[in-house]
Amino acid sequence: MSHPITPRRATRSSAADPASPSGPRPKPTPRRQPVSTAAANAKQEEGEEHERSPVDALLEALPGRREQATDLLRLLAPAPALPLLLHGGAATGKTRALLLALRHVRPRPLRVAYAALRSLPSPRALFSSVLAQLSPPSSSSSSSRLRVPDKPSDFVAALRDALAGLSARGEAVYLVFDNLEVVRSWDKGGQLLALLLRLYDLLRLPQVVLVYVSSATPDAYYSMTGSVEPNHIYFPDYTVDEVRDILMRGHPNPKLYSSFLSVALKPLFRVTRRVDELVAALEPLFRRYCEPLGDLKAVPDESIKRRLFEHIQPHLAVAMNETFIVPTRVSVDECKDHSSRGKASSKRQFGSRDGLPTELEFHMSVSAKYLLLSAFLASRNPATLDAALFDSTGGSDNNRRKRKSSQASMNMKDTMAEEMLMKGPGTFPLERLLAIFQCITSVSEDDLGDVECSDSMMNGSGMTGLMSDVLLQLSTLCNSNFLSKSRSCPMEGSARYRSNIDEDLALKVARSVSFPLSKYIYRR
Ligand SMILES: Nc1ncnc2c1ncn2[C@@H]1O[C@H](COP(=O)(O)OP(=O)(O)OP(=O)(O)O)[C@@H](O)[C@H]1O
């Protein structure tokens, strides 16, 4: 299930291995050992009899992540450790596994500065968050007084000072950059990304362990920086059995919940594989499932199971048609002072489907996002411009188009575009939607070298995977009001669709999959 990791990989730079510092790499300090007196050993052995090993505790908290948890404990050992990259699709447990594993890393004390980049609005907020977490406890309460650097080079200098102080006190420091791919979407994000990836070379502090968490593969990053290549651990998508183990863990009535999951999990798993979305979708369903029961502690026999199954079936069908939306509760202000709190809490909440809120983060599948973008373009652009906007290779080639267009045809297009804007979002047939969808997904396929459009984001199945569930996604988007479906057109005999989202929301969705939407929006 899990792809093999490549521990201590060879590096692309000549002075890559900290164990054999032949180049400019700093001399590794010997790994610090816990105090090893007879008394300490005895105490440790005694403790081991009563306590579970860190690995056991970790494995219990991480169903489906045995291999990753073991690798984490091994590769997180401090001083000197190569940077570590955890990569894999959305909600595959990267953050959870890392944060739990860090609790078990020895020796202590250690300091963790965790930057949840998805919750941070700008480079400056990132600098502020990291430096605040590294400042001594006395000054962290007055973090407003902390001078926040504007320039990345000043940040590196300030970071080095803060880390040197902690290293001098014997503290190992873990610098975690979660959702690293987000940096790309920031202004001058490419440069900042390269700088973050080169921190190992820039800081030269062996007791500092850099950990990057991302949906993109290592090659997406390290081929462009030429810096030391990290160890990496791959987090594949969960299988349905693994998700079942995760959901079953610690349930007060395992027999009842197991009989519920045997009915509800597989159908929903076809719609989403994200654990957080499944948890959110299953919770209200389980309450429904239990409605006929007087006693929630009861162990259901076969006849009760049958009755519960009949009771839940219609609700299950409705749930499968819903789009999963998870609101983020993190406001920009909250982000400014602290980064780390945001992520977990923001993801567990399940949003309502009322209206089309703009402050939500949408945890849709990649294909649903592309479909929504295709629908937005189909509603927004005149159909006659499709051929020009999406050339035969699927791409948008504005320059060539401009050169080739005659003044007369440009004028005609302008008039049409104006009419379209006056009329509001237009309707379109399914064929047009699918054609645009195919074009824009093929563009993204060409860009697979890009961080955000990595294989992992496509769930390892490539763009064919995107196409396969498109009709299911379409009905989900309609049910959740992102698209509306009109009655069949008497002339064409088929239904027409209309996008209900505005440009801001479309741009937000586009950013989340790094799709250059503005290139495809026709503007006069
Ligand atoms: N093995 C697991 N056991 C229990 N809960 C899990 C497990 N894996 C994931 N989850 C839950 O699923 C949700 C998403 O997990 P997490 O944030 O760790 O994923 P991620 O891979 O970091 O996602 P992203 O790439 O979107 O940041 C969290 O609520 C987390 O607790």
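What follows is calculated from the coordinates using simple rules that are stated; it is not laboratory data. Since the structure is predicted, the reported quantities are computational estimates derived from the model, not experimental observations. As a convention, Cβ positions derive from the backbone with ideal geometry for all residues, glycine included, and neighbour counts pool all protein chains shown.
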Q) Separation between the residue 194 and residue 475 pseudo-spin-labels, each 7 Å from Cα along Cα→Cβ, expressed in nm? A) 4.9 nm
Q | Greater than 19 Å apart at Cα, pairs in 369/508; 188/369; 266/485; 151/188 | A | 188/369; 266/485
(Q) I'm a student and want to see the number: the projected area of the Cα convex hull of segment 240-322, averaged over all directions, in nm². (A) 4.9 nm²
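Taking 30 Å as R0, compute the FRET efficiency from the Cβ-Cβ separation of residue 313 and residue 498 and round it to 0.05.
According to the calculation, E is roughly 0.40.
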Q) How far, in nm, would the chain grow between residue 103 and residue 384 when pulled straight, counting 0.36 nm per residue and subtracting the alpha carbon separation? A) 95.3 nm
Q: Pairs of Cα atoms under 8 Å, at least six residues apart: use those to get the relative contact order of segment 240-322, whole percent.
A: 36 percent
Q.
With +1 assigned to the C-beta of every Lys and Arg and -1 to the C-beta of every Asp and Glu, and no other charges, what is the dipole magnitude of segment 240-322 about the Cα centre in debye, to the nearest 20?
A. 80 debye
Q | Inter-label distance for residue 240 and residue 279, nm, one decimal - labels placed 7 Å from Cα along Cα-to-Cβ | A | 2.2 nm
(Q) I need the peptides 368-375, 242-249 ranked by packing, meaning the mean over residues of other C-beta atoms within 10 angstrom, with the highest value on top. (A) 368-375, 242-249
Q: Multiply the residue gap between residue 202 and residue 484 by 0.36 nm, knock off their C-alpha separation, and tell me the result in nm, one decimal place.
A: 96.3 nm
